[in-house]
Amino acid sequence: MSNLIEQNKILMTDEEFKLLSSLINEFCGLYYDSSKKFLLESRLSVRLKALNFRTFKEYYYYLKYDSKKNAEYDAIIDILTTNETYFFRETGQIKILVDEIIPELLKTNKRSIKIWSAASSSGEEPYTIAMELCEKNFDKMGLNIEIIATDISLRVLEQAKYGVYSQFSFRSANQMYLNKYFIKDGLKYRINDSIKKMVKFERFNLLDTFAYSKYTNIDVIFCRNVLIYFEDAIKKKVVDSLHKCLKQNGVLFLGHSESLFKFSVAFELKQFKNGLGYIKK
Ligand SMILES: C[S@@+](CC[C@H](N)C(=O)[O-])C[C@H]1O[C@@H](n2cnc3c(N)ncnc32)[C@H](O)[C@@H]1O
């Protein structure tokens with residue numbers, strides 16, 4: 001049965017679930033197995049109501065064929081993605097960057113360094129990287145440091161560019177960083193312009209294989225806590241694309257619960273002093 005409406009709630013049939021979950025999976029990689037049907041139903045029903053659709057089938061056709069479908073994908077991405085992040089999350093890898101990788105690169109007389117935070121959410125990760133680079137005075141050495149931060153969600157990118165955070169974003173941060181790099185703004189904290197200027201935010205879908213050509217010669221990629229939302233085949237596709245963006249011996253950092261085991265032999269796992277990273281062979 002389609003067209004089920006119960007107590008003002010629009011119900012999703014199994015067929016509608018299959019159609020919509022595979023459309024979403026193809027577009028952004030998010031994967032919903034049948035146990036997540038109710039989650040998808042409740043999250044997407046907000047959009048059905050906003051657009052006055054009576055069934056999920058109508059919504060499916062809208063997403064597939066309507067001239068305004070791109071704007072609708074933007075809206076559902078904002079609803080469906082998990083954007084959990086905070087300053088100084090999993091800092092071991094950022095320590096590896098500033099204490100081990102950059103000093104090694106400088107020994108080779110390298111004067112420009114390109115870092116990519118490839119699922120940056122609301123900006124806490126790339127801004128943490130920028131603050132740690134400043135702590136080591138790399139910003140004062142006449143180096144050309146580029147920090148590119150990308151995400152698929154326009155909502156979180158707007159938050160990142162705005163650069164104002166509540167106390168919750170600092171649950172792992174030392175007070176010294178708040179005093180030094182933020183200005184109190186009511187109950188919130190606004191990031192200093194000097195740090196803000198170091199990070200360039202852009203929209204990027206990790207599944208968009210052709211768009212990767214924009215990101216070349218990267219020294220270090222942070223792609224943390226996003227592969228967990230993808231199926232194996234998509235993880236592999238993303239990792240292969242990231243591999244092409246890195247320089248020879250460039251480093252890929254994943255989240256603590258993620259690994260390349262099964263997905264790529266084109267990287268070598270390296271134990272640094274402060275954690276693990278994958279080196280492009
Ligand atoms: C849990 S957050 C991780 C943020 C940060 N890297 C960290 O570890 O704290 C995952 C982010 O991945 C983004 N994301 C999900 N699918 C994506 C895709 N296909 N392309 C780019 N970003 C995606 C989400 O919008 C979300 O902001």
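Things to note:
- If the condition is being over 16 Å from Leu63 (Cα atoms) and either within 15 Å of the ligand (Cβ to nearest atom) or surrounded by fewer than 18 Cβ atoms within 10 Å (Cβ to Cβ) (or both), then region 31-48 contributes Tyr31, Tyr32, Asp33, Ser34, Ser35, Lys36, Phe38, Leu39, Ser42.
- The set of residues in region 92-136 that are of a type in the set (S, T, N, Q) and within 15 Å of the ligand (Cβ to nearest atom) comprises Gln93, Ser117, Ser120, Ser121, Ser122, Thr128.
- Close pairs (9 angstrom Cβ cut-off, 6 or more residues apart or separate chains): assigned by TED's automatic domain parsing to the domain that holds Glu15 and assigned to a helix (DSSP H, G or I) in region 53-67, surrounded by fewer than 18 Cβ atoms within 10 Å (Cβ to Cβ) and aromatic (Phe, Trp, Tyr) anywhere: Leu63/Phe27; Leu63/Tyr73
- Scanning region 197-236 for residues being of a type outside the set (Asp, Glu), in contact with a strand residue (DSSP E or B) (Cβ under 8 Å, 6 or more places away or on another chain) and away from the ligand (no atom under 14 Å from the Cβ) gives a total of 4.
- Check on Val265, of a type outside the set (Ser, Thr, Tyr), without any contact (Cβ under 8 Å) to a residue 40 or more places away in the chain, more than 11 Å from the ligand (Cβ to nearest atom) and in a helix (DSSP H, G or I): no
Residue by residue, here is whether (1) closer than 20 Å to Ile218 by Cβ; (2) of a type in the set (Lys, Arg) holds:
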{"position": "Tyr59", "(1), (2)": "no, no"}
{"position": "Leu63", "(1), (2)": "no, no"}
{"position": "Glu84", "(1), (2)": "no, no"}
{"position": "Thr91", "(1), (2)": "no, no"}
{"position": "Lys95", "(1), (2)": "yes, yes"}
{"position": "Glu100", "(1), (2)": "yes, no"}
{"position": "Ile115", "(1), (2)": "yes, no"}
{"position": "Ser122", "(1), (2)": "no, no"}
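- Residue, farthest from the chain's Cα centre (by Cα), within region 164-176, restricted to residues that are touching a residue at least 24 places away in the same chain (Cβ under 8 Å) and away from the ligand (no atom under 16 Å from the Cβ): Asn174
- Within this structure, Leu242 passes the test of being more than 11 Å from the ligand (Cβ to nearest atom), under 14 Å from the mean Cα position of the chain (by Cα), surrounded by 14 or more Cβ atoms within 10 Å (Cβ to Cβ) and in contact (Cβ under 8 Å) with a residue 60 or more places away in the chain.
The values are calculated or read from the model by the stated rules, or taken from the named source; none is laboratory data. Source: prediction; values computed, not measured. Cβ coordinates were reconstructed from backbone atoms using ideal geometry, including for glycine residues, and neighbour counts include every protein chain displayed.
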